[in-house]
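Working notes, beginning with the structure itself.
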Amino acid sequence: MSDYDYDQYMHELESLEADFPEFLTPDSPTQKVGSDLKSGFVQRAHKYPMLSLGNTYSIAEVEEFAARADKILESGFSYCCELKFDGTAICLTYEHGVLKTALTRGDGQKGDDVTANALRIANIPSRLHGDFPEEFEIRGEVLMPFAAFDALNEERSAQEEQPFANPRNAASGSLKLLNPEEVAHRGLWCTLYHIPSESLQFATHDDSLKAAASWGLPISEHRRICHSITEIEDFINYWDTARKSLPYPTDGIVIKINEMAAQRTLGYTSKSPRWAVAYKFKAEQALTPLLSIDYQVGRTGAVTPVANLDPVFISGTMVRRATLNNEAQMRILDLHEGDWVYVEKGGEIIPKITGIELSKRTPGAPEPRFPSVCPDCGTPLVKDDDGARWLCPNSAGCPMQIKGRILHFVSRKAMDILAGEMAVEQFYSAGLVRRPSDLYRLSRYQLLALEGWQEKSVQNLLDSLEESRKVPFSRVLYAIGIKLVGETTARTLAEHFGSMDALIAAGKDELCAVPDIGATVAESILAFFASESGRQEVEDLRSFGLQMSAEAVSGPHSNVLEGKTIVVSGNFAISRDDMKELITRHGGRNSSSVSAKTSFLLAGSKPGPEKLRKCSELGVPVVSEDEFYEMIHQGRPAPAADTEMPSLF
Ligand code: IVH
């Protein structure tokens with residue numbers, strides 16, 4: 001359902017309940033905030049309930065909000081208009097300038113404690129500066145900027161994992177990952193917009209945000225103090241266009257009464273403040289005919305229906321295709337051949353079909369038939385384990401799956417081999433390549449015989465194959481294409497097990513003990529190594545000299561850290577990933593959390609306060625960056641050019 005439809009149903013329910021209060025029950029969705037609580041986190045009570053905001057899509061209703069405030073408030077007041085950030089709400093508590101807890105909204109009364117994850121969000125300061133209060137709460141939004149969202153979805157698609165539908169879902173899913181290390185890779189950002197307090201004496205909301213910015217907290221500068229409905233409208237109209245060039249998602253404007261005394265007079269309903277309202281932008285929609293449906297077979301055999309549309313311009317880009325996800329989605333939409341469909345982009349980056357214009361349906365138009373056999377190799381399709389997708393079971397013989405696996409293997413994030421779709425098609429058609437390892441068997445003579453290949457292009461390919469032998473083990477693990485093992489999971493596994501052999505030897509319990517590896521991923525890993533083809537491929541790749549262990553990475557290495565489990569925290573002269581690689585190269589093991597088994601905490605500048613506390617509690621030594629370089633007999637690398645975090649807001 002689109003956000004717009006959801007909000008319309010909610011408003012309809014609200015007005016029905018107003019007309020028929022006898023049917024209003026305490027568990028009505030109009031009476032509470034939806035819950036996002038998730039198992040695996042400690043829940044903590046909010047000091048002040050975390051409420052939602054009344055929202056509207058109409059300027060007339062913003063005018064009504066202003067008129068109501070005017071009527072209740074006696075003295076003059078102003079409005080603070082801000083962007084409505086489209087992410088997931090967070091509540092931070094600072095004590096003595098140190099981040100103490102980060103809670104999600106949860107059910108509004110209690111939230112999940114995601115402090116360890118919040119500390120991995122680049123612009124959330126673990127320590128404040130300036131004249132901050134001894135203890136206070138500040139609330140805001142955790143966001144996924146578009147660039148990070150695109151990168152994440154690209155990775156998920158390459159992995160044939162369901163991509164996130166929009167940056168909001170991606171932000172809330174990422175904030176709730178059980179492995180904080182993985183959160184660090186997701187590129188989340190935070191912006192803060194509300195200090196709930198009875199004791200802090202700010203005259204206006206705007207003053208409170210200015211103060212928070214002076215303590216080093218991330219506060220958006222895109223706000224304006226307005227004195228009339230015309231000024232509010234100008235702000236709304238300006239941002240309806242300007243927001244399209246912001247690097248992060250927004251879905252409206254929040255209009256707040258600026259004076260704190262006036263806010264106190266207006267107070268709250270059970271669900272939202274009476275001193276604020278959200279004006280929401282309508283997602284851009286277009287109506288266009290469905291031309292045809294393609295059924296694409298991915299490298300894991302999943303068949304995905306994709307709608308080909310009559311090209312249409314939405315939110316600055318031409319939309320030609322929209323995913324239909326699976327057969328169930330086609331049913332829910334009640335799609336018929338030749339239908340005119342509503343396509344929406346809004347917060348969603350992947351265009352989606354949100355509805356059908358029934359008045360334009362040709363009478364008797366048939367429903368599209370989901371194929372019963374693989375569109376590529378003709379093998380009868382089967383349902384996957386959870387019954388959501390159709391699969392081509394012919395993984396060994398289906399050309400699309402074979403080519404898909406090779407394309408995945410050569411891709412930039414995997415082995416980074418100079419071979420595109422055309423080249424892979426040629427190698428396949430000529431019968432030269434059926435498995436990734438066949439690429440290393442290609443001879444200059446065979447390549448020169450292919451159409452369009454010259455001495456130079458052949459040399460480039462051979463050079464990139466040679467280079468790929470140095471690609472680190474974690475990427476080799478990603479490249480071999482174990483189902484559900486994406487780039488991040490491969491990195492986690494490589495770090496945890498250290499070598500292909502250790503991973504092959506691991507049982508289900510050992511796999512499940514790795515943070516963020518669940519039973520399904522563990523089973524997929526076990527199935528891959530149990531299969532004759534999987535094992536054979538790994539052995540062939542090994543025989544061609546690919547990296548099969550983390551220790552074998554090129555560069556100076558030693559065993560001075562052998563048997564040591566090390567936790568890194570804070571910023572270093574080199575990136576944190578490089579630091580971890582350095583540890584592995586010298587025989588050490590990386591771990592994400594401090595425990596009695598930790599040999600030492602390697603602390604850069606601004607180490608996590610929680611980690612430091614744990615170290616002093618457990619008597620774990622803390623080693624500085626320079627002490628560490630001494631330990632591995634290496635000088636300090638040249639500092640990175642710019643370690644300051646750029647501000648997005
Ligand atoms: S003020 C007491 N300001 O939108 C409520 N909320 O749909 C204080 N949101 O619950 C919230 N941008 O999670 C506020 N500039 C902004 C916001 C904002 C986004 C979120 C927030 C809120 C939700 C309502």
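The values are calculated or read from the model by the stated rules, or taken from the named source; none is laboratory data. Because the structure is predicted, anything quoted here is derived from the model rather than measured. As a convention, Cβ positions derive from the backbone with ideal geometry for all residues, glycine included, and neighbour counts pool all protein chains shown. Accessible surface is based on the protein model in full, side chains and every heavy atom, while ligands, DNA and RNA are left aside. Shrake-Rupley method; radii C 1.70, N 1.55, O 1.52, S 1.80 Å.
Between Glu562, Glu537, the distinction of being part of a helix (DSSP H, G or I) and over 31 Å from the mean Cα position of the chain (by Cα) belongs to Glu537 only. Screening Ile257, Ile253 for residues that are more than 18 Å from Ala89 (Cβ to Cβ), surrounded by 21 or more Cβ atoms within 10 Å (Cβ to Cβ), at pLDDT 90 or above and within 13 Å of the ligand (Cβ to nearest atom) leaves exactly one candidate, Ile257. Selection over the stretch 435-456 of residues that are more than 27 Å from Ala396 (Cβ to Cβ), surrounded by 12 or more Cβ atoms within 10 Å (Cβ to Cβ) and of a type in the set (S, T, N, Q) gives a count of 0. Only residues that are in contact with a Cys (Cβ under 7 Å, 6 or more places away or on another chain) and within 16 Å of the ligand (Cβ to nearest atom) were counted across the stretch 275-298, and they come to 0.
Out of all the residues in the stretch 373-384, is one or more open to solvent by less than 40 Å² (accessible area, probe 1.4 Å), within 26 Å of the chain's Cα centre (by Cα) and either over 25 Å from Gln459 (Cα atoms) or among the basic types (Lys, Arg) (or both)? Looking through the stretch 373-384, at least one residue is open to solvent by less than 40 Å² (accessible area, probe 1.4 Å), within 26 Å of the chain's Cα centre (by Cα) and either over 25 Å from Gln459 (Cα atoms) or among the basic types (Lys, Arg) (or both).
Output the strands (runs of 3 or more DSSP E) that fall wholly within the stretch 1-108 and possess 3 or more residues being within 11 Å of the ligand (Cβ to nearest atom) and either open to solvent by 20 Å² or more (accessible area, probe 1.4 Å) or not charged (D, E, K, R) (or both), or say none.
Because the criterion is at least 3 residues that are within 11 Å of the ligand (Cβ to nearest atom) and either open to solvent by 20 Å² or more (accessible area, probe 1.4 Å) or not charged (D, E, K, R) (or both), the strands (runs of 3 or more DSSP E) in the stretch 1-108 that meet it are 79-85, 88-95.
Can you pull out the residues in the stretch 163-189 that are touching a residue at least 12 places away in the same chain (Cβ under 8 Å) and polar (S, T, N, Q)? Outline the logic, then answer.
Taking the stretch 163-189 and keeping what is touching a residue at least 12 places away in the same chain (Cβ under 8 Å), we get 163-168, 170-172, 174-189.
Those that are touching a residue at least 12 places away in the same chain (Cβ under 8 Å) and polar (S, T, N, Q): Asn166, Ser172, Ser174, Asn179.
Report every pair of residues separated by at least 6 positions or lying on different chains whose Cβ atoms are under 7 Å apart, first residue within the stretch 122-147 and within 26 Å of Ser199 (Cβ to Cβ), second within 16 Å of the ligand (Cβ to nearest atom) and open to solvent by 60 Å² or more (accessible area, probe 1.4 Å). Correct list of pairs: Glu137/Lys47.
Somewhere in the stretch 213-223, is a residue without any contact (Cβ under 8 Å) to a residue 24 or more places away in the chain and more than 25 Å from the chain's Cα centre (by Cα)? Break it down stepwise before answering.
Filtering the stretch 213-223 down to residues without any contact (Cβ under 8 Å) to a residue 24 or more places away in the chain leaves 213.
From the residues that got through so far, the ones that are more than 25 Å from the chain's Cα centre (by Cα) too are 213.
Yes, there is a match, as at least one residue in the stretch 213-223 is without any contact (Cβ under 8 Å) to a residue 24 or more places away in the chain and more than 25 Å from the chain's Cα centre (by Cα).
Is there a residue being part of a loop (DSSP other than H, G, I, E, B), of a type in the set (Val, Ile, Thr) and surrounded by fewer than 23 Cβ atoms within 10 Å (Cβ to Cβ) anywhere in the stretch 192-201? Within the stretch 192-201, one or more residues are part of a loop (DSSP other than H, G, I, E, B), of a type in the set (Val, Ile, Thr) and surrounded by fewer than 23 Cβ atoms within 10 Å (Cβ to Cβ).
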